[in-house]
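**Student:** Here it is, the structure, as C-alpha cells.
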There are 2 protein chains.
Amino acid sequence: MPDKNTLAHLQTVTESLESGATLQTRYLLNGALPAQDVASLLESSPPKERKLLWELIEDKNQGEVLQYLNEDIRLQFLENMSTQRVVAVSEHFESDDLADLLQHLPDKVVSEVLLSMPPQDRLRVEALLSYSEDSAGGLMNTDTITIRPNITLDRVFRYLRQYKKIPDMTDNLLVVSRSNRLLGTLPLAKLLICDTKTTVRDIMETDHTAIHSDTSVSEVAQVFEKMDLVSAPVIDRSTGKLLGRITIDDVVDVIRDEAEHSMLSMAGLDDDEDTFSPIMKTTRRRAVWLGINLITAFIASYVIGLFQHTLNQVVALAVLMPIVASMGGIAGSQVLTLVIRGIALDQIGSANMRWLLNRELIVGLLNGLLWSTVIAILTAVWFDNIKIAYIIAGATIINLLIAALTGTLLPIFLKKLGIDPALAASVILTTVTDVVGFLAFLGLATIFLV
Amino acid sequence: MPDKNTLAHLQTVTESLESGATLQTRYLLNGALPAQDVASLLESSPPKERKLLWELIEDKNQGEVLQYLNEDIRLQFLENMSTQRVVAVSEHFESDDLADLLQHLPDKVVSEVLLSMPPQDRLRVEALLSYSEDSAGGLMNTDTITIRPNITLDRVFRYLRQYKKIPDMTDNLLVVSRSNRLLGTLPLAKLLICDTKTTVRDIMETDHTAIHSDTSVSEVAQVFEKMDLVSAPVIDRSTGKLLGRITIDDVVDVIRDEAEHSMLSMAGLDDDEDTFSPIMKTTRRRAVWLGINLITAFIASYVIGLFQHTLNQVVALAVLMPIVASMGGIAGSQVLTLVIRGIALDQIGSANMRWLLNRELIVGLLNGLLWSTVIAILTAVWFDNIKIAYIIAGATIINLLIAALTGTLLPIFLKKLGIDPALAASVILTTVTDVVGFLAFLGLATIFLV
C-alpha cells in the first residue's frame with residue numbers, strides 16, 4: 001500500500017533539505033517514492049524548493065515524474081529543457097499525453113520530438129495533434145486492441161498471448177471490419193466466461209457506447225458518468241471508422257477540472273492556477289480581477305453619490321445602506337451558484353427555466369418578507385424611527401427580487417452568448433445588487449423621508 | 001450510441017405531457033430511453049412534473065431508475081413507497097448501494113428489506129451497514145472474485161467459465177489465503193497473456209494497492225486518481241483479511257461531490273441541494289444563510305454607526321466607504337478559494353504554510369499599492385480633496401493585507417478545529433473585510449480629516 005500522505009513526505013523532504021541532508025532527499029526522489037508521490041511533492045512545494053527538488057531528480061527519472069505533474073508545472077519544467085532532453089523524456093508519455101504536451105511547446109521543439117520518433121508513433125501523434133484539446137479526439141489514446149468478427153475466441157486468446165502487454169484500462173477488445181469500421185465490442189469479462197469455440201461475432205456487443213471524435217470533453221465525461229464506463233471507443237462521425245479510445249483516468253481529470261472550474265472562475269481565478277505560483281505571476285493574475293471589481297465598486301459609489309443631499313440630512317442612511325446591498329448580494333450569489341451548477345450538469349433548458357425563475361422569485365419574496373421584517377424591527381429600535389424601518393424593509397424586498405431575477409437569468413443569458421457564466425456572472429450580479437440596493441434604499445428615503 | 005441530451009428528451013416529454021400524449025411519454029419512460037436517461041430526466045424536472053413522470057414509470061422499471069437517481073430525490077420517492085414496494089425495488093441494487101440506501105430509511109423498513117433477502121445477501125448488507133458512509137468500508141462492494149495462489153492459470157480459466165457473469169469493473173482477480181487474507185492481485189490483462197501452465201503465485205502482483213476499510217472516502221479518491229485505478233481491494237487494517245472492493249464508478253461520484261462541495265458550501269448551499277427543490281424547502285434552506293449574513297451586515301453597520309459624527313461632517317466618506325470594503329472582500333475571497341482548494345487537495349501543511357502566507361501578504365501589498373493609487377487619483381479628481389485620497393488609499397492597503405492574512409489563515413485554522421472551511425470561512429471573511437474596511441477608512445478620516 002503506497003503511503004498516500006504527501007504532506008508527511010513534504011515535511012521529511014523539507015527538513016532534509018534544510019539540514020543539508022541532500023543524500024536522503026535524493027534517495028527519496030529517485031525510486032524510494034513512487035513517481036506519483038514525487039509529482040505531488042513538487043506540486044505542494046514553493047517555487048524555489050520545487051526547482052531544487054527537480055534538480056535532485058536524476059535525468060532518467062524525470063520523464064516518469066513529468067507524466068504525473070499538472071500541466072502548468074510540467075510546462076514550466078519543459079520550457080527550461082534543451083530540445084534534446086525534451087526528446088528523451090517524451091519517450092515516457094503515452095500518445096495522447098504527448099500530443100497534449102506538444103501543443104504547448106514551440107514549433108521547433110515539436111518537430112524535433114516528432115522526428116525522433118519511430119514513423120508509426122509519429123503518424124499517431126500527428127493525427128492526435130489535429131484534434132482540439134477540448135474534443136474527444138484530443139482526449140483519446142490510440143493504443144487499442146482490435147479483432148475481426150469472424151474468428152473464434154480460441155484464436156483471440158492465442159492472439160492476445162502474442163502481446164507482451166495489454167494496454168492499461170483495457171476492458172473491451174474492439175471488433176472492426178476490414179476497413180476499420182467499428183462493429184462492436186468484446187468485453188474481457190465475456191471473453192473469459194464464454195466457450196472458446198464460439199466466434200467473436202456471436203458474442204460481441206453491438207449496443208456499445210462509441211464516442212464521436214468531435215464530441216466535447218464535457219459530454220464525454222457525462223457519458224462516462226452516466227454509463228459507468230471504464231473505456232470507450234472513439235469513431236469518426238461520418239465514416240464510423242475506429243480512431244482510438246478514451247479511458248476513465250483521463251475522464252476523471254476532466255470531471256475534476258470541470259467541477260473546480262466553476263468554483264475558481266467565480267472567484268476570478270484561473271483553472272491552471274498553481275497553489276504555489278510565484279509572487280509576480282500571482283500578483284498579475286489577481287490584479288486584473290481586482291481592477292474589474294473596482295469598476296463595479298465605483299459604479300456603486302456613483303449611485304450613492306447621487307444622494308449626497310439626502311445622506312447629508314439623515315446620516316442613519318449611510319449606516320444602514322450596506323445591509324440592503326449585502327442581503328441582495330448573498331441571496332443573488334446563492335441562486336447564481338445553483339444555476340451555474342445546473343447549467344454545467346446540463347439540467348437547465350427552456351422546458352424548466354420558467355418554473356425555476358418562478359420558484360426563485362417566490363423564494364426571494366418569502367425570504368424578503370421574513371428578513372425585511374427582522375431588519376425593520378432592529379432598525380426601528382436602533383434609530384427610533386419607524387419611517388426608516390419601512391423604507392429599509394421595502395428596499396430589501398426589492399433587492400432580493402432583483403437578485404433572484406438576475407441570479408437565474410444572467411447565467412443562462414451569458415451561456416447563450418457563449419460567455420462562460422462562472423467567470424462573468426458574479427461580477428455583474430454584484431454590480432446589479434449593489435446598484436439596486438443603494439438606489440432603492442436611498443431613492444425611497446429621498447421620496448418619503450427628506 | 002445513447003442520445004446524451006437530457007434537455008432534448010425533457011423538451012419532448014414536457015410537450016407530450018402538456019398536450020396530454022401520455023401514451024408516448026409512457027413509452028419513452030418504460031424502455032425506449034435507458035434507465036440512466038430517465039433518471040436524468042427526473043432530476044431535471046420540477047417537483048410536480050417529476051411526480052407525474054414517476055407515476056408513469058411501471059413498477060417493474062422503477063427499481064432500475066431509482067438506482068441512477070441522486071440520493072436526495074431517490075429518498076423522496078422511497079419515503080412515499082409501501083414497505084412491500086421498497087422490498088421489491090431493493091432487488092435491483094448492488095449490495096453497497098443498498099446499504100447506503102437503507103441507512104436513510106426507517107428501521108422498520110430496513111428490517112423488512114433485510115428479512116426479505118436470501119441469508120447470504122443479508123449478511124453481506126448487514127456487514128456493509130456497520131461501516132460509516134464516509135469510509136472505504138461504506139463505499140465498497142462485496143462482489144469480489146477470489147482465487148488461491150497455488151492453482152494454475154488453466155484452472156483459473158475453468159473456474160471463471162463456471163461464472164455466469166463476472167462483476168462489472170473487474171480488472172483484477174484477488175488472490176487470498178485459506179483464511180481470506182489478501183496475498184496479491186492477478187490483473188485480467190496478465191491472465192490473458194501468460195502461459196496457462198504457470199501458477200497464480202508465479203505471476204500475481206504483490207505491490208497492489210489495498211485500501212483499509214477505515215480510510216476516508218476522500219483519501220480513497222486521492223489514491224484512485226494518483227494510481228489510475230479501476231478497482232481496488234478493501235482489507236481489514238488489523239487482520240489483512242479481504243472485505244470487498246471499491247470500483248472507479250463510485251469513486252467518480254466521490255470526486256464530483258467533493259469538488260462541488262466547496263463551491264456549494266461557499267455559497268451556503270447544501271450538497272444534496274436539488275436544483276428543482278420545491279419552494280418551501282428552498283426558502284427554509286436559504287433563509288438560514290441569509291440570517292447568518294444579516295448578523296454580519298449588522299456588525300458592519302454598527303462599526304459605521306460609531307462614526308456618525310464624522311459622516312455627518314464629510315458626506316463624501318459615505319459615498320466612498322463601500323469601495324474599501326468591497327476591494328477587501330474580493331481580494332480575500334480569491335485567497336480563500338485558493339486555500340480551500342489547496343486544503344481539499346491535501347497540498348497545504350505546516351511545511352509550506354509560512355511560504356504561502358508570505359506570498360499572499362506580498363501579493364496583497366503589491367496589489368494594494370497598485371489599486372490604492374488608482375483609487376486615490378479617481379477620488380482626488382471626483383471630490384477635489386487630496387486628503388480623502390490619501391485616507392482611502394491607506395485604508396485600502398490595510399484592508400488588502402488583512403484580507404490576505406484572514407484568507408490564508410482562517411481556513412487552515414477552521415480545518416484544525418474540525419470545522420468545514422468551505423462552509424464557515426466565507427461568512428467570517430466578509431465580516432472581517434467589512435469591519436476592517438469601514439474601521440480603517442472612517443477611523444483614519446476621523447483622525448486626519450475632522
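**Student:** Could you tell me which of the residues A:7, A:56, A:75 is at pLDDT 90 or above and closer than 24 Å to residue B:227 by Cβ?
**Tutor:** Working: A:7 fails: at pLDDT 90 or above; A:75 fails: at pLDDT 90 or above.
On inspection, the qualifying residue turns out to be A:56.
**Student:** What are the pairs, 6+ residues apart or on separate chains, where a residue within the range B:183-212 that is outside the structural domain of residue B:171 (by TED's automatic domain parsing) has its Cβ under 8 Å from a residue that is basic (Lys, Arg)?
**Tutor:** none
**Student:** Taking the criterion of being in contact with a Pro (Cβ under 6 Å, 6 or more places away or on another chain), more than 9 Å from chain B (Cβ to nearest Cβ) and surrounded by 18 or more Cβ atoms within 10 Å (Cβ to Cβ), would at least one residue in the range A:193-204 satisfy it? Walk me through how you get there before you give the answer.
**Tutor:** Going residue by residue through the range A:193-204, those that are in contact with a Pro (Cβ under 6 Å, 6 or more places away or on another chain) are A:200-201.
The next check asks that each one be more than 9 Å from chain B (Cβ to nearest Cβ); those that pass are A:200-201.
Narrowing the set further to residues that are surrounded by 18 or more Cβ atoms within 10 Å (Cβ to Cβ) leaves A:200.
Yes.
**Student:** Also, I was wondering about something else. If residue A:90 satisfies every condition in (1) away from chain B (no Cβ under 14 Å); (2) under 24 Å from residue A:141 (Cβ atoms); (3) at pLDDT 85 or above but one, which is the exception?
**Tutor:** Here residue A:90 meets the rest and fails (3).
**Student:** Condition first: within 8 Å of chain A (Cβ to nearest Cβ), of a type in the set (Ser, Thr, Tyr) and farther than 15 Å from residue A:301 by Cβ. Now tell me which residues in the range B:296-327 satisfy that.
**Tutor:** B:296, B:301
**Student:** Residue A:286 - would you say it is charged (D, E, K, R) and part of a helix (DSSP H, G or I)? Break it down stepwise before answering.
**Tutor:** Numbers: charged (D, E, K, R): yes; part of a helix (DSSP H, G or I): yes.
Here the answer is yes, as residue A:286 does meet what is asked.
**Student:** Check A:315, A:288, A:335 and return the single one that is modelled with pLDDT under 95 and within 23 Å of residue B:263 (Cα to Cα). Step through it out loud before you land on a result.
**Tutor:** On the way: A:315 fails: within 23 Å of residue B:263 (Cα to Cα); A:335 fails: modelled with pLDDT under 95.
None of the others qualify; the one that does is A:288.
**Student:** Kindly indicate whether any position in the range A:435-445 is within 32 Å of the chain's Cα centre (by Cα), crowded, with 24+ Cβ neighbours inside 10 Å and in a helix (DSSP H, G or I).
**Tutor:** At the first step, the residues of the range A:435-445 found to be within 32 Å of the chain's Cα centre (by Cα) are A:435.
From what's left, crowded, with 24+ Cβ neighbours inside 10 Å: none.
Within the range A:435-445 (the criterion being within 32 Å of the chain's Cα centre (by Cα), crowded, with 24+ Cβ neighbours inside 10 Å and in a helix (DSSP H, G or I)), the answer is no, since none of the residues qualifies.
**Student:** Residues that are surrounded by fewer than 17 Cβ atoms within 10 Å (Cβ to Cβ): which helices (runs of 4 or more DSSP H) entirely in the range B:1-93 hold 2 or more of them? Before you say what the answer is, go through the steps one by one.
**Tutor:** On the way: elements: B:6-18, B:22-27, B:35-43, B:47-56, B:59-68, B:71-79, B:83-89.
The qualifying helices (runs of 4 or more DSSP H) are B:6-18, B:22-27, B:47-56, B:59-68, B:71-79, B:83-89.
**Student:** Cβ-Cβ below 9 Å, separation at least six or inter-chain, first residue in the range A:342-366 and on the phi > 0 side of the Ramachandran plot, second of a type in the set (A, V, I, L, M, F, W, C) and surrounded by fewer than 20 Cβ atoms within 10 Å (Cβ to Cβ): which pairs?
**Tutor:** A:346/B:7
**Student:** Looking at (1) within 14 Å of chain B (Cβ to nearest Cβ); (2) without any contact (Cβ under 8 Å) to a residue 12 or more places away in the chain; (3) hydrophobic (A, V, I, L, M, F, W, C), which is the only condition residue A:53 fails?
**Tutor:** Every condition holds for residue A:53 apart from (2).
**Student:** Restricting the search to the range A:215-240, which residues are assigned to a loop (DSSP other than H, G, I, E, B), more than 18 Å from the chain's Cα centre (by Cα) and not small (Gly, Ala, Ser)? I'd like the intermediate steps shown before the answer.
**Tutor:** So in the range A:215-240, the residues assigned to a loop (DSSP other than H, G, I, E, B) come out as A:215, A:228-230, A:236-240.
Those left that are additionally more than 18 Å from the chain's Cα centre (by Cα): A:228-230, A:236-240.
A:228, A:229, A:230, A:236, A:237, A:239 - these are the residues of the range A:215-240 that are assigned to a loop (DSSP other than H, G, I, E, B), more than 18 Å from the chain's Cα centre (by Cα) and not small (Gly, Ala, Ser).
**Student:** Can I ask one more? Filter the range A:283-292 down to the residues that are surrounded by fewer than 21 Cβ atoms within 10 Å (Cβ to Cβ), within 27 Å of residue A:411 (Cβ to Cβ), of a type outside the set (A, V, I, L, M, F, W, C) and at the interface with chain B (Cβ under 8 Å from one of its Cβ atoms) and list them by number.
**Tutor:** Listed by number, the list holds a single entry, A:291.
**Student:** Okay, moving on. Across the range A:240-262, which residue is farthest from residue A:145 (Cα to Cα) among those that are within 7 Å of another protein chain (Cβ to nearest Cβ) and in contact with a Lys or Arg (Cβ under 7 Å, 6 or more places away or on another chain)?
**Tutor:** Initial filter on the range A:240-262 (within 7 Å of another protein chain (Cβ to nearest Cβ)): A:248-249, A:252, A:255-256, A:259-260, A:262.
Narrowing further to those that are in contact with a Lys or Arg (Cβ under 7 Å, 6 or more places away or on another chain): A:255, A:259-260, A:262.
On the way: A:255: 26, A:259: 32, A:260: 34, A:262: 37 Å.
Ranking the qualifying residues of the range A:240-262, first place goes to A:262.
**Student:** Out of A:67, A:62, A:103, report the one residue that is out of contact with any Asp or Glu (no Cβ under 9 Å at 6 or more places or on another chain) and closer than 25 Å to residue A:257 by Cβ.
**Tutor:** Working: A:67 fails: out of contact with any Asp or Glu (no Cβ under 9 Å at 6 or more places or on another chain); A:103 fails: out of contact with any Asp or Glu (no Cβ under 9 Å at 6 or more places or on another chain).
From the options A:67, A:62, A:103, the qualifying one is A:62.
**Student:** While we're on this one: Hey, any hits in the range B:25-42 for a residue that's in contact with a Phe, Trp or Tyr (Cβ under 6 Å, 6 or more places away or on another chain) and in contact (Cβ under 8 Å) with a residue 60 or more places away in the chain?
**Tutor:** no
**Student:** Please tell me if residue A:177 is over 13 Å from the mean Cα position of the chain (by Cα) and within 30 Å of residue A:335 (Cα to Cα).
**Tutor:** Working: over 13 Å from the mean Cα position of the chain (by Cα): yes; within 30 Å of residue A:335 (Cα to Cα): no.
In short, no.
**Student:** So, in the range B:29-50, exactly how many residues are closer than 23 Å to residue A:355 by Cα and more than 14 Å from chain A (Cβ to nearest Cβ)? So that I can check it myself, show each step before the final result.
**Tutor:** Of all residues in the range B:29-50, those closer than 23 Å to residue A:355 by Cα come to B:29, B:37-50.
Right, trim to more than 14 Å from chain A (Cβ to nearest Cβ) and you get B:29.
Counting residues in the range B:29-50 that are closer than 23 Å to residue A:355 by Cα and more than 14 Å from chain A (Cβ to nearest Cβ) gives 1.
**Student:** Look through A:270, A:274 and report the one residue that is crowded, with 19+ Cβ neighbours inside 10 Å and more than 9 Å from chain B (Cβ to nearest Cβ). I'd like the intermediate steps shown before the answer.
**Tutor:** Values: A:270 fails: crowded, with 19+ Cβ neighbours inside 10 Å.
It is A:274.
**Student:** Pairs please, first residue from the range A:112-132 and more than 23 Å from residue A:214 (Cα to Cα), second anywhere and surrounded by fewer than 17 Cβ atoms within 10 Å (Cβ to Cβ), Cβ atoms under 6 Å, 6+ apart in sequence or on different chains.
**Tutor:** Close Cβ pairs satisfying both conditions: A:112/A:83; A:114/A:122.
Each row is one residue, and each column tells you yes or no for (1) in contact with a helix residue (DSSP H, G or I) (Cβ under 8 Å, 6 or more places away or on another chain); (2) surrounded by 15 or more Cβ atoms within 10 Å (Cβ to Cβ).
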position: A:101; (1), (2): yes, yes
position: A:108; (1), (2): yes, no
position: A:120; (1), (2): no, no
position: A:130; (1), (2): yes, no
position: A:147; (1), (2): yes, yes
position: A:152; (1), (2): yes, yes
position: A:160; (1), (2): yes, yes
position: A:165; (1), (2): yes, no
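**Student:** Of the conditions (1) surrounded by fewer than 16 Cβ atoms within 10 Å (Cβ to Cβ); (2) facing chain B (nearest Cβ under 7 Å); (3) touching a residue at least 24 places away in the same chain (Cβ under 8 Å), residue A:237 satisfies every one except a single condition; which number is it?
**Tutor:** (2)
**Student:** State whether one or more residues within the range B:241-259 are farther than 30 Å from residue B:185 by Cα and within 15 Å of the chain's Cα centre (by Cα).
**Tutor:** To start, the set of residues in the range B:241-259 that are farther than 30 Å from residue B:185 by Cα comprises B:259.
Retained after the next criterion (residues that are within 15 Å of the chain's Cα centre (by Cα)): B:259.
Yes, some residue in the range B:241-259 is farther than 30 Å from residue B:185 by Cα and within 15 Å of the chain's Cα centre (by Cα).
**Student:** Within the range A:413-430, how many residues are within 12 Å of another protein chain (Cβ to nearest Cβ) and surrounded by 20 or more Cβ atoms within 10 Å (Cβ to Cβ)?
**Tutor:** Residues meeting the conditions: 4.
**Student:** Given the conditions (1) surrounded by fewer than 22 Cβ atoms within 10 Å (Cβ to Cβ); (2) more than 8 Å from every other protein chain (Cβ to nearest Cβ); (3) in contact (Cβ under 8 Å) with a residue 24 or more places away in the chain, which single one is not true for residue B:225?
**Tutor:** (2)
**Student:** Within the group B:141, B:172, which residue is within 37 Å of the chain's Cα centre (by Cα), under 19 Å from residue A:171 (Cβ atoms) and not assigned by TED's automatic domain parsing to the domain that holds residue B:207? Quick ask: steps written out before the conclusion?
**Tutor:** Working: B:172 fails: not assigned by TED's automatic domain parsing to the domain that holds residue B:207.
Step by step, each of B:141, B:172 is checked, and only B:141 is within 37 Å of the chain's Cα centre (by Cα), under 19 Å from residue A:171 (Cβ atoms) and not assigned by TED's automatic domain parsing to the domain that holds residue B:207.
The values are calculated or read from the model by the stated rules, or taken from the named source; none is laboratory data. The shown structure was predicted, so the numbers you read here are calculated from the model rather than taken from an experiment. Note that we place each Cβ from the backbone using ideal geometry, even for glycine, and neighbour counts take in every protein chain shown.
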